[in-house]
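Please treat every number below as a calculation from the coordinates, not as lab data. Nothing here was measured: the structure is a model prediction, and the numbers come from that model. Cβ atoms come from the backbone with ideal geometry, glycine included; neighbour counts cover every protein chain shown.
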Amino acid sequence: SAVISQKPSRDICQRGTSLTIQCQVDSQVTMMFWYRQQPGQSLTLIATANQGSEATYESGFVIDKFPISRPNLTFSTLTVSNMSPEDSSIYLCSVESLAGSRSYNEQFFGPGTRLTVL
Amino acid sequence: QKEVEQNSGPLSVPEGAIASLNCTYSDRGSQSFFWYRQYSGKSPELIMFIYSNGDKEDGRFTAQLNKASQYVSLLIRDSQPSDSATYLCAVTGTASKLTFGTGTRLQVTL
């Protein structure tokens, strides 16, 4: 499977600021996703990062708050904008399949970014 | 009704026993079913996936799927303390989007 890295691994930020999280994959992948895992809870899909076009957001998540870029098949960023303490969470990117390979929709997760907003 | 339901646990089993984890889902159109293991402070790790009714075995793990009853289960044979983790059930439909259950915390005791 692909090797997925995220930067930063953790950060402590002040209310009202923004943080950009990077997700890098060591091979080209077809699909990339961004999830949030709030303390003690399961994972919630924020959006699908589409290469070369606007991300597809899930209900309750908007582009102004969580702008996403995906300039190529190996890299994506998620920005958490105008942060509040309620944004404190673990943010995870995931990838589905290598480009050109058969997929059964398996997703593999990066190590996550632990964000604390004061 | 939640889309994917799991008992939060903790499920406590003695070392060497079989751990049985269950998951039900509401969308009859669901096509792919996954079990992830998540250790505290770590990201989810895919351990099993299943697409067809019946059983799928991989080492000590067996996934069971019953689409008519809309449930999927994970059996862990010869449970080890290192199996202690939260197990997340996830389901996809036609759009590749994973919907996760809340997870079952498994504790394997010595």
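Remarks
- Value in Å of the Kirkwood radius, where chain A supplies the Cα pairs that are averaged: 14.2
- Here A:Val95, A:Val25 are placed in order of increasing Cβ neighbour count within 10 Å, fewest first, which gives A:Val25, A:Val95.
- DSSP bridge pairs, the protein assembly as shown: antiparallel proportion in percent, nearest 5: 90
- Partner aspartates and glutamates for B:Lys56 [C-alpha distance under 20 Å; skip if fewer than 8 residues away on the same chain]: A:Glu106, B:Glu45, B:Asp78, B:Asp83
- Working from Cα pairs under 8 Å separated by at least six residues, relative contact order for segment A:1-105 is 34 percent.
- Relative contact order (%) - criterion: Cα under 8 Å, at least six apart; region: segment A:1-42: 44
- Max mean-square fluctuation residue, GNM over chain B, Cα-Cα springs under 10 Å, options B:Arg60, B:Arg37, B:Arg77: B:Arg60
- For B:29-39, mean number of other protein chain Cβ atoms within 10 Å: 2
- Unit charges on C-beta of K, R, D, E only; dipole of chain B, Debye: 220
- Charge tally in the Cβ shell below 13 Å around A:Ser84, where Lys, Arg are +1 and Asp, Glu are -1, A:Ser84 excluded: 0
- Shielding of peptide B:42-55 by partners, expressed as the average count of other chain Cβ atoms within 10 Å per residue Cβ, is 3.
- Measuring spread by the Cα atoms of segment A:1-44 yields a radius of gyration and Dmax of 13.1, 37 Å.
- Unmatched cysteines, chain A - criterion: no other Cβ of a Cys under 4.7 angstrom: A:Cys13
- Taking label points 7 Å from Cα along the Cα-to-Cβ direction, A:Thr79 and B:Gln107 give a separation of 4.5 nm.
- Distance distribution P(r), the protein assembly as shown, all Cα-Cα pairs, bin width 10 angstrom from 0: 8, 32, 35, 20, 5, 0 percent.
- Principal semi-axes of the equivalent ellipsoid, √(5λ) from the alpha carbon gyration tensor of chain B, are 23, 15, 12 Å from largest down.
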